[in-house]
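These notes are about the structure you will find just below.
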Amino acid sequence: MDARSVATKILTQVIRHRHSLSDCLDVSSLQDERERALAQALCYGVLRWLPRLEAILKRLLQKSLKPKDSDIYVLLLIGLYQHIYLRIPPHAATAATVNVTRQLKKKWATGLVNAILRTFQRQQESLLKSVDSDDSVRLAHPPWLIKYFQQNWASQWEMIASANNAHPPFTLRVNARSMSRDDYFEHLLKANIAATATPYTKYGITLEHAIDVQQLPGFTQGWISVQDGAAQLAAQLLDIPAGARVLDACAAPGGKTAHLLECYEISYLLALDNQSARVQKLEDTLHRLNLSADIRCADATQVETWWDGQVFDRILLDVPCSGSGVIRRHPDIKYLRKNSDLATLTAQQSHLLQTLWPLLAPEGKLLYVTCSVFAEENNLQIQSFIAKHADAYETVLVAEWGHTQPSGRQILSGENNMDGFYYACLSKNKIL
Ligand SMILES: C[S@@+](CC[C@H](N)C(=O)[O-])C[C@H]1O[C@@H](n2cnc3c(N)ncnc32)[C@H](O)[C@@H]1O
């Protein structure tokens, strides 16, 4: 097995069987570090550019392949991806891709893969020009998603779609309980790892190049975690007073829970999530960072199953959402998410908000968070909540990052090098 055959197997699971990339991305069978990196690059790259690659392949294939040969279909996409996007000499890319047909025990496909890739090489310019006349192909998003971006962000939609296809930065959060950001810079310097401070955050560091986390100084000891700059804003916005009781209602895998515990002296933090596999990840996250919280696998909307009746001074509500702001990190969202999911998600968000609101102390604050750029999940959700709750006031977030919305603040994907996030802060008393 080499990088291309491993990538073929993984991508067949995602493209044909609709599994999520993070569930199937296992490249550990490859011994060589460069092969592992290539397999990962092929998986992410093909998913980033799938509609464009598929549009080209459709023009090159004379007849559709049978479902049992979906691995060959995926292999052809991998071949095209290398020709268009990687700096591998075309003849080497073709030869290596053709070779995979033998590893897949489909020698019959050798001629087909060879012919398609050679034809593409000859006709590359005209083929690309012709498929790119369609915006959703050129920008490699399903048409419904492009339409949504256009409806929500009339002048920025193309910037958002392009940012979704870019490589995301590799950003760390220094554990304030271990050391300062400056101290960690010293460790990076000694390890010869180039990095800069992440803007708008106190603890963020952006590395010049992605790296295996195990090679980072102090990862196992819990000195740092991987977290985008936009996600790091939650802790500072929640502004927790010493001794507070805090609820993190949708907590797994625990990036923000950990950040709260690193920054504040919290007397009690209850972290809930309703998916047991994700709760396990939350436990692992806190264990590595030597932090603790009351962690429970529970549905936050079933209050009677977990609440002790005491109100919370702070509630972090990082709701399940479309993920439309983090497509650059999870390109499979573009295909796994469906237009129809939005109605279900907005109903869940609204239910979570309404159920948890009574649990907030009169002087408390609730921070509502999504990694979405859609108004239905963000500004419109909060506006509708405020309209229905006479005791709900918004604390306007004044910041150098993001866009002011009628309610809350929106960071668009890729802006200030951050993921697309939305924040709104609610309280029961008007805070001027
Ligand atoms: C955006 S993620 C949270 C990310 C997390 N706050 C972090 O920073 O790592 C949303 C989480 O909500 C959980 N979830 C969805 N519905 C829930 C519910 N009714 N009760 C509790 N958790 C829920 C999902 O399992 C998912 O882990």
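For the pair Gln124 and Ile211, the difference between a 0.36 nm per residue extended length and the Cα-Cα distance amounts to 28.0 nm.
Couplings for the range 307-315, taken from phi via the Karplus curve 6.51 cos²θ - 1.76 cosθ + 1.60 with θ = phi - 60°, read 8, 8, x, 9, 6, 10, 6, 9, 10 Hz in order; Gly and Pro are left as x. The rule of thumb for compact globular proteins, 2.2 N^0.38 Å, goes into the C-alpha radius of gyration of the range 332-431 1.11 times.
Within the range 66-119, the proportion of C-alpha pairs whose separation exceeds 18 Å stands at 23%.
5 Å is the cut-off here: which amide hydrogens, built 1.01 Å from N in the peptide plane, fall below it relative to Asp318, excluding neighbours closer than 5 in sequence? For Asp318, whose amide H was placed from the backbone, the distant partners under 5 Å are Ala249, Cys250, Val369. Rounded to the nearest 20 debye, the dipole size of the range 233-427 about its Cα centre is 480 debye, using +1 on the Cβ of Lys and Arg and -1 on the Cβ of Asp and Glu.
From the square roots a ≥ b ≥ c of the eigenvalues of the alpha-carbon gyration tensor of the range 3-140, which class results: rounded (a/c under 1.5), prolate (a/b over b/c), or oblate? Since a/c stays below 1.5, the shape of the range 3-140 is classed as rounded. Counting every other Cβ atom within 10 Å of each residue's Cβ, Arg409, Arg173 order from fewest to most as Arg409, Arg173. When the chain is treated as a Gaussian network with alpha carbon springs shorter than 10 Å, the biggest mean-square fluctuation among Gln275, Gln62, Gln349 belongs to Gln62. The tail of the calculated P(r) for the range 233-427, taken as Cα-Cα distances beyond 28 Å, holds 21 percent of the pairs. Of all DSSP-defined beta bridges confined to the chain, some 55% are antiparallel rather than parallel.
Simple point charges give the picture: +1 on the Cβ of Lys and Arg, -1 on the Cβ of Asp and Glu, and for the range 3-140 a dipole about the Cα centre of about 520 debye.
Distances between placed amide hydrogens fall under 5 Å for His19 paired with Val14, all partners being 5 or more residues away or on another chain.
Could you tell me which of rounded, prolate or oblate describes the range 213-336, using a ≥ b ≥ c as the square roots of the eigenvalues of the alpha-carbon gyration tensor, with rounded for a/c under 1.5 and, failing that, prolate when a/b is larger than b/c and oblate otherwise?
Here the range 213-336 falls in the oblate category.
Across all directions, the average flat footprint of the convex hull enclosing the Cα atoms of the chain is 22.0 nm². For a test of the definition: using alpha carbon positions, the gyration tensor, and the 1.5 limit on a/c, classify the range 144-277 as rounded, prolate or oblate. Oblate, because a/c is 1.5 or more while a/b does not exceed b/c. Amide H contacts of Ile295 (H built 1.01 Å from N, in plane; Pro and chain starts excluded): Ala271 sit under 5 Å, all sequence-distant by 5 or more or on other chains. Here, P(r) means the percent of Cα pairs in each 10 Å bin from 0 to the largest distance; for the range 384-432 it is 26, 45, 23, 6. 3J(HN,Hα) along the range 206-223, derived from phi through the Karplus expression 6.51 cos²θ - 1.76 cosθ + 1.60 where θ = phi - 60°, amounts to 9, 7, 5, 10, 5, 8, 5, 4, 5, 8, 7, x, x, 5, 5, 6, x, 6 Hz, with x in place of Gly and Pro. For the range 281-296, the Karplus equation 6.51 cos²θ - 1.76 cosθ + 1.60, evaluated at θ = phi - 60°, returns couplings of 5, 4, 4, 4, 4, 5, 4, 4, 8, 6, 10, 9, 8, 7, 9, 9 Hz by residue, with Gly and Pro reported as x.
Just so you know, all these numbers are worked out from the coordinates, no wet-lab data involved. All figures in this text were calculated on a predicted structure; none of them were measured in a lab. FYI the Cβ positions are ideal-geometry reconstructions off the backbone, even for glycines, and counts take in every protein chain you see.
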